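Read through the structure below, which is laid out as structure tokens, and then see the notes.
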Amino acid sequence: MTTQTLEIGGMTCGHCLRMVQQAINGLEGAKLDDLRIGKATVTFDETKLGADAIAEAVRDAGYDVLATKTV
């Protein structure tokens, strides 16, 4: 399992949190560990999901991924 932290731009409210939560939870192999306005921490199974897929899902939900850090 790998943990990735994403800095997310464009999030301003509870609706934004729900949209990002749905986007990440919709990915097989991803588990949302922490979500705050502007930041998400996700643990994922790299045999099922690539790190880029998480950022892509957030972008598809309408938000900017400003930076990622994989631990």
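Any read-out appearing in this document is the output of simple, stated calculations on the displayed coordinates, not a laboratory observation. These figures come from a predicted structure and were not determined experimentally. Here the Cβ positions follow ideal geometry from the backbone for every residue, glycine too, while neighbour counts run over all protein chains shown.
Here are a few things to note about the model shown:
- Residue match in region 46-54 (condition: surrounded by 13 or more Cβ atoms within 10 Å (Cβ to Cβ) and either among the polar types (S, T, N, Q) or touching a residue at least 40 places away in the same chain (Cβ under 8 Å) (or both)): yes
- Tallying residues that are of a type outside the set (D, E, K, R), touching a strand residue (DSSP E or B) at 6+ places or on another chain (Cβ under 7 Å) and farther than 13 Å from THR68 by Cα within region 19-42 yields 7.
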